[in-house]
Amino acid sequence: MFRLPSFALVGGKGGVGKTTCAAAFAIEAARTNRTLLVSTDPASSLGDVLGVRVASVPRAVAGVPRLRAVDLDATRAFDRWLAPRRDLLSAIALRGTYLDEEDIGRLLKLSLPGIDEVIGLLEIARVAANSYDVVVVDSAPTGHTLRLLSTPVLLERVAELLDTLQAHHRMVVSALRGRYAADAADALIAEIEGEGRSLAARLRDEALTRITWVTLPEPMALEETSDAMSALARVGITVRSLLVNRATPAPPKPCEWCDARRRFESRAIRPIASRFSDVEIVTLPQLDAEPRGVRALRSVARSMRRWSRPVSLPPVARRVRGQRRSVRSGTPGSDPGRSFTQASDPGRWFTDFAENSRWILFGGKGGVGKSTCAAAFALQLASRHPNRRILLLSSDPAHSLGDVLAARIGDRAVGIHGAPGNLRVREIDAAASLARFRTRYLDSVDKAFENIARGAVQVGADRAAFRKLIDLAPPGIDEVIAIGDVADTLADSARSGEIIVSDTAPTGHALRLLETPALLREWTQALMAILLKYHEIIGAGTLAELLVQFSKRLRRVEAILRDGSQAQFVIVTRAAALPRAESIRLQQALDRLGIAVTGSIVNAVGAGTCARCETIERAEAREITLLLTRARGKRPYTIIEAPAEVPPPHGVESLARWASFWRRIN
């Protein structure tokens, strides 16, 4: 296994085994080094993998003397960073604008965009320098991690905003005294800018930081890996290690499933290996049991091997469907090897989900197959209800609907060749939505200040401050603005009966998105309160109109999400301990948010007929039993089992056929 530098970051698509691999790296590093294992995933499963309780402060891991583990609480990290700087930040804002202490306090209470996580990274780096030899970071799924790694520049942007505000103070002091001497506020601005540059430099320094990307030996996962590595390269961050997890080992006896998997995996890895020939590739075989606890994780580290290019293998001759042990009413059956068969009327399960809802959201732990299930569901729904319009929508920053459907999809809803004519598909471009809103906001600010005498120093500073307030919006504003389009669509299509099927981001990111409308309404109300103080000077005009419209849209999103007759959530999971545990936490979080959860899909069930496959199937049956037991008697709740296939369903025809094998098991 490769040697780790002082800062090792493990990234990848959700569900590929990042946490397991990061924990294995950390346990190995702790043999000789003081090591800190950190999770930055908002939906961390570090405690589940280690088999110990992990908190927001570093705690020792039993059985590994030099290892401590922590779930990073980015919000707390930001609060700790802000506390000693709050007075100075307020002073800068008061010097440079018409805002008063109440306004400043209200805005500082709301998180700067993404800065909480950047501050979290700074805190990790600071702790590492003082107390540890090696820090291993288990990051959030792809889209979230790409945003995090490419945004130390946020600190520089914040410094630029503060410098704009401070400029007015420097001008006034220079005019009165004939010169200006830098003070504590200037030092703080320089500190923030310097921290941003320092963090960016650290992430780009291969002697200090090593980024390992974990993936699966499947085309969709490998394609997303390729896109992520290219995106990081564009911001100067190089991925030097690629870990291909769950590679199928040779079966103990002839097994059609294992043979098909090995052929499929070999052909999937080869083009990626050729494209990134300078990247070190390591493989980890599919293990018979899900590794949990220190002892199992030590064996994970020992099982890693450098990848060697295999001889060319022919493609899989025909689609192979996983066999499974029957599960009925929560009781695993005794008939191993029984095949999935097509349901006599598969459409009724889809009708049950959609009968009383207009917005159906699919979510779950990364890598469980949310996009595949959402796409298959939408296809079946469109086929089942030809007179109703169906919109399949992706709000995941790492879009994969296009890959699943084998079609080119963008921010404009389009039909898909071979799909029912009443189905349209769209992948939200959140950045473009924010850019459009930003342009409207800046135009409104400029119009609001047009009536004030030109050239007034204070007016110029206030105008600049109001323009930059858009940069103080809470994180997630881009995606919520885009999701607002969904609310508008629902409002406009009430009479048409259109149904929207959403493919959401992995758990932590999706929950943050669902919580963001309320936070953004607070931010909008803060701007409105400030604008009211300006009303007599600049007039409200288009700026007030824009903010009111935005607030109404946010309220509409909140209302729809919390109305079970309009929105329902379907949790996608796998028949394994870690996805099941995260599904339970997701269910609890959605309950707290008041969002109706009406069912779950246990995806990719089944394997082959060899002894190793039968071991996997028995473990799956146990996990499904636990899911059924938990669901029993709680609410009207549908659990559907979807079979594993090689190759995985890809394209309209195979997705539609695959969905015909889904079956209700409760």
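Nothing in this text is a laboratory measurement; each read-out follows from the coordinates by a stated rule. Just so we're clear, the structure is a prediction, and the values are computed from it rather than from any experiment. Ideal geometry is used to build each Cβ from the backbone, glycine not excepted, and the neighbour counts take in all protein chains shown.
So for 620, 645, 653, fewest C-beta neighbours within 10 Å to most, what's the order?
653, 645, 620
Using amide H atoms built in the peptide plane, which far-off residues or other-chain residues are under 5 Å from residue 43 H to H?
Those lying under 5 Å, H to H, from residue 43 are 508.
Using the per-residue mean of other Cβ atoms lying within 10 Å as a proxy for protection, in what order, highest first, do the peptides 161-167, 408-414, 390-396, 573-579 fall?
So the order, starting with the most tightly packed, is 390-396, 573-579, 161-167, 408-414.
For region 572-666, just run the numbers: alpha carbon Rg, then divide by 2.2 N^0.38 Å, N being how many residues it has. If you can, show how the numbers build up before the last one.
Values: Rg = 14.4 Å, N = 95, 2.2 N^0.38 = 12.4 Å.
Ratio of Rg to 2.2 N^0.38 Å for region 572-666: 1.16.
At a 10 angstrom cut-off on C-beta neighbours, averaged per residue, how do the peptides 582-592, 600-610 rank from highest to lowest? Let's see the in-between values first.
Working: 582-592: 18.0, 600-610: 24.0.
With the highest mean Cβ count within 10 Å placed first, the list reads 600-610, 582-592.
When DSSP assigns beta bridges and you keep just the ones with both residues in region 533-666, what percent turn out antiparallel, to the nearest 5?
Among the beta bridges of region 533-666, antiparallel pairing accounts for roughly 15 percent.
Restricting things to Cα coordinates, could you compute the convex hull volume per residue of region 7-306 in Å³?
142 Å³
Based on Cβ point charges of +1 for Lys and Arg and -1 for Asp and Glu, what charge dipole magnitude is obtained for region 7-306 about its Cα centre, in debye rounded to the nearest 20?
Dipole size: approximately 1180 debye.
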